[in-house]
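Chemist: Got a structure for you, questions after.
The values are calculated or read from the model by the stated rules, or taken from the named source; none is laboratory data. Only a predicted model underlies this, so the values are computations on that prediction, with no experimental measurement involved. Backbone-built Cβ (ideal geometry, glycine too); neighbour counts: all protein chains shown. Keep in mind that these areas ignore ligands, DNA and RNA; they rest on the heavy atoms of the full protein, side chains included. Shrake-Rupley method; radii C 1.70, N 1.55, O 1.52, S 1.80 Å.
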Number of protein chains: 2
Amino acid sequence: MEPRTYAEAGVNVEQAEGFVERLKLMSKRPGHSKLWKAAGGYAAVYPITESIGVACTTDGVGTKLLVAHELKKYDSIGIDLVAMCANDLICVGARPTSFLDYFAIGKLDDQMCDQILKGIVEGCDQADMILAGGETAEMPGLYQPGHYDLAGFAIGTVSKEHLITGEKIKPGQNVIGVASSGIHSNGFSLARKVIERSSKHYEELLKPTLIYVKPVNEVLEQLRTVTGLVHVTGGGWRNLFRLNDKVGFNIESPLPVPAVLQEVGKHVAQEEMYKTFNMGMGLVLIVDGDTGPIVEIFKKHGFSAAQVGTTTDRVLTLTVKGMPWELKD
Amino acid sequence: MEPRTYAEAGVNVEQAEGFVERLKLMSKRPGHSKLWKAAGGYAAVYPITESIGVACTTDGVGTKLLVAHELKKYDSIGIDLVAMCANDLICVGARPTSFLDYFAIGKLDDQMCDQILKGIVEGCDQADMILAGGETAEMPGLYQPGHYDLAGFAIGTVSKEHLITGEKIKPGQNVIGVASSGIHSNGFSLARKVIERSSKHYEELLKPTLIYVKPVNEVLEQLRTVTGLVHVTGGGWRNLFRLNDKVGFNIESPLPVPAVLQEVGKHVAQEEMYKTFNMGMGLVLIVDGDTGPIVEIFKKHGFSAAQVGTTTDRVLTLTVKGMPWELKD
């Protein structure tokens, strides 16, 4: 089989980016200047007082929904939904507090809906958030039988003092990778094209996204050395370029690539893999100082983490040990 | 044609309510006790300091989306999306600040997406909110060609002192109705069954939901006599029962019913109409005192408003002048 790309899988990233750029231009208002500048656009932060801001973000789980539908297993997709939002919030230094879900379905099916809800509640527990509200919309005619969509909204708080802007990232700082559980919730339009439904790896696609909130809350409370956090989502390792455009990355000791991503990698060019998937790192931390105590906190919470490299002065360039290519923004 | 009901249109309200009840039970956590009690469940309010809370809510526009799709007119559905969220926020006394949208589509279509976005931005302007962020998800395989879904998420702030809980509502207070522009964004699964695509009223279905934020901001700033606000959404006038279970309503001078709802009413039993649609009142205010200054503020902002009745001691019972039935919760 020929190597495939995300675009061939029906997702036109350039077109989407064009839309988002037009959106930013068209929606720009003087009120936007009130927002605090936060790292990587992971969340908008609106000041409530001079010293406290509210961070908010929204996300969905993409076509991972279709895998849940195909496998008729609905109890973990809600974990993914919470993960996608909560992991974004922590990247600006916020502590997640409340979650709201939007759940749209063609026809309510009690058993299926309860399973989806169970996952959302489990996700909120893992993220130390409360499920503060939500909307359940039954829309006959819009969704095909058994189809549904989920959107999540997450809110957190952050003090101005501890807001992460990414501006403190400099060349020569340390980079920690925290392991992913698998493919997480991005790149499914491509992954579903190359992993056969009959493959033993198909069920692994559904493994829930890890929620990094609890260890990150502890790290940010105890240590002030973290200069950036990267939730590795759509765009893969290019997410590392979101925080600061004056540094690059040298990844000398990457974490192991999960089996399901190795399987996808048999059909997709290697560079494309790193530009689309998390490739073993669901979260990246950039640290101005010793990485040991931070790695220990992640391990204590049951996560696998290690120092994987350093920041460099090769602006917006990422090299990985042993790879003949380098990623650029 | 036989009178129809919402259930016959494929929306099982009882089943949905059952799901929401199970959801509340399953998601209950000790953290929920931190939330401030706010009127009617219109928004969750999370305290940021002892005196300031953040109100948040989420909503969609239901199958009004399909009308936009059928008419190939996409520039106002975003106004509905913002309206559904912002009008909920003001019912707890909050001042809306930020909006986030979730926009999912099978295949990005630049022209259509720009139109949808234009409506969202227009809605934010009408609601004095900034579009702080959003998620655009291209999901080939989940949505049929040309189909899409929208979810909105709105945040506002409210001081503890001015939080509207509904507890100050007593029998004998005055009730103001503020006119709707038409059907707004609820009851479309039923309305689309009874209004033919060829009818001259079909296009009226798409008229955007009014956004009541600006006059309500002004009312709540200037006067402290409002004891309750009701955004009249799904469930029609039964929404009036959401705020306080110790009063009833006597509506002596209802506002005119918009033509499009009169047309729907030719095919639907009258009581069912009042239990499903806004019937001319998009927003209701309950006032402990003179209604004149409040009505004036709405008029100044271009809204039609009038005192329509009073609260009574006939608990959770609503009567309308000239109608043989009464609504009960």
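Chemist: What do you get for trypsin sites (Lys or Arg not before Pro) in region A:109-207 restricted to DSSP loop and a cutoff of at most 15 other Cβ within 10 Å of the site's Cβ?
Modeler: On the way: sites: A:K118, A:K160, A:K168, A:R192, A:K193, A:R197, A:K200; in loops: A:K168, A:R197, A:K200.
Filter output for region A:109-207: A:R197, A:K200.
Chemist: Follow-up. Threshold 10 Å², probe 1.4 Å: give the residues of region B:23-49, in number order, that are less accessible with all protein chains present than with their chain alone.
Modeler: Hits at the 10 Å² cut-off: B:L23, B:M26, B:S27, B:R29, B:G31, B:H32, B:L35, B:A44, B:Y46, B:I48, B:T49.
Chemist: Give me the accessible area buried between chains B and A, both sides summed, with a 1.4 Å probe, in Å² rounded to the nearest 100.
Modeler: Summing both sides, the interface buries roughly 5900 Å².
Chemist: Quantify, in whole percent, the carbon and sulfur part of the accessible surface of region A:1-149 (1.4 Å probe; protein heavy atoms only).
Modeler: 53
Chemist: Express the relative contact order of region A:24-79 as a whole percentage, based on alpha carbon pairs under 8 Å and six or more residues apart in sequence.
Modeler: RCO, region A:24-79: 18 percent.
Chemist: Using the Cα gyration tensor of region B:2-91, with a ≥ b ≥ c the square roots of its eigenvalues, what is the shape: rounded (a/c below 1.5), prolate (a/b larger than b/c) or oblate (neither)?
Modeler: Because a/c hits 1.5 or more and a/b fails to exceed b/c, region B:2-91 counts as oblate.
Chemist: Next question. For region B:127-168, how big is Rg over Rh, using alpha carbon atoms and the Kirkwood form of Rh? Display every interim value, and only then the final one.
Modeler: Numbers: Rg = 17.6 Å, Rh = 14.5 Å.
Radius of gyration over Kirkwood radius for region B:127-168 works out to 1.22.
Chemist: What FRET efficiency would be calculated for the residue pair A:D128, B:D110, taking the C-beta separation as r and a Förster radius of 45 Å, to the nearest 0.05?
Modeler: That gives a FRET efficiency of 0.65.
Chemist: Follow-up. So for chain B: antiparallel DSSP bridges make up what percent, rounded to the nearest 5?
Modeler: Antiparallel: roughly 80 percent of the beta bridges in chain B.
Chemist: Then there is this: Which whole-number percent gives the relative contact order of chain B, counting Cα pairs below 8 Å spaced six or more residues apart?
Modeler: Relative contact order comes out at 22 percent.
Chemist: Could you compute Rg(Cα) / (2.2 N^0.38 Å) for chain B, with N its residue count? Walk me through the intermediate numbers first.
Modeler: Numbers: Rg = 19.3 Å, N = 329, 2.2 N^0.38 = 19.9 Å.
So chain B has a normalised radius of gyration of 0.97.
Chemist: Oh, and also: Taking the solvent-accessible surface of protein heavy atoms with a 1.4 Å probe, what is the per residue accessible area of region A:98-199 in Å²?
Modeler: On a per-residue basis, 32 Å².
Chemist: Tell me the per residue accessible area of region A:240-311 using a 1.4 Å probe; a whole number in Å² is fine. Display every interim value, and only then the final one.
Modeler: Values: 2730 Å² over 72 residues.
Ligands and nucleic acids excluded, the figure is 38 Å² per residue.
Chemist: Further question on the same structure: Which pairs, out of A:K72/B:K28; A:K207/B:K118; A:K37/B:K64; A:K193/A:K275; B:K73/B:K321; A:K73/B:K118, put more than 28 Å between their alpha-carbon atoms?
Modeler: A:K207/B:K118; A:K37/B:K64; B:K73/B:K321; A:K73/B:K118
Chemist: Please give the calculated 222 nm ellipticity per residue for chain A, where each DSSP H segment of at least 4 residues contributes -39500 (n - 2.57) and the sum is spread over every residue; nearest 500 deg cm²/dmol?
Modeler: -8500 deg cm²/dmol
Chemist: Please report the carbon-and-sulfur percent of the accessible area for region A:187-329; probe 1.4 Å, protein heavy atoms only, DNA, RNA and ligands left out.
Modeler: Answer for region A:187-329 is 47 percent, counting heavy atoms of protein chains only.
Chemist: So which trypsin sites (Lys or Arg not before Pro) in region A:8-43 are both in a DSSP loop and have at most 13 other Cβ atoms within 10 Å of their Cβ?
Modeler: Values: sites: A:R22, A:K24, A:K28, A:K34, A:K37; in loops: A:K28, A:K37.
Hits after loop and neighbour filter: A:K28, A:K37.
Chemist: For A:K246, go through the aspartates and glutamates and keep the ones whose alpha-carbon is under 18 Å away, minus same-chain ones fewer than eight residues off.
Modeler: A:E167, A:D288, A:D313, A:E326, A:D329
Chemist: While we're here: Classify the protein assembly as shown as rounded, prolate or oblate, taking a ≥ b ≥ c as the square roots of the eigenvalues of its Cα gyration tensor: rounded when a/c is under 1.5, otherwise prolate if a/b is larger than b/c and oblate if not. All intermediate terms of the calculation are to be shown ahead of the outcome.
Modeler: Working: a/c = 2.14, a/b = 1.64, b/c = 1.31.
Here the protein assembly as shown falls in the prolate category.
Chemist: In region A:255-329, what trypsin sites (Lys or Arg not before Pro) fall in a loop by DSSP, with at most 11 other Cβ atoms inside 10 Å?
Modeler: Working: sites: A:K266, A:K275, A:K299, A:K300, A:R314, A:K321, A:K328; in loops: A:K266, A:R314, A:K321.
In loop regions of region A:255-329 (DSSP not H, G, I, E or B), the sparsely surrounded trypsin sites (Lys or Arg not before Pro) are A:K266, A:K321.
Chemist: Note down the net charge around A:N244, summing +1 for each Lys or Arg and -1 for each Asp or Glu among other residues with Cβ under 14 Å from its Cβ.
Modeler: Summing Lys and Arg as +1 and Asp and Glu as -1 gives +2.
Chemist: Have a look at region A:116-139 and report residues whose accessible surface goes down by 30 Å² or more when the remaining protein chains are included, against the chain on its own, probe 1.4 Å, ligands and DNA/RNA excluded.
Modeler: Hits at the 30 Å² cut-off: A:L117, A:V121, A:D125, A:I130, A:L131, A:A132, A:E135, A:T136, A:E138, A:M139.
Chemist: Taking the label point 7 Å from Cα in the Cβ direction, how far apart in nm is A:S159 from each other copy of itself, listed shortest first?
Modeler: Those label-point separations list as 2.5 nm.
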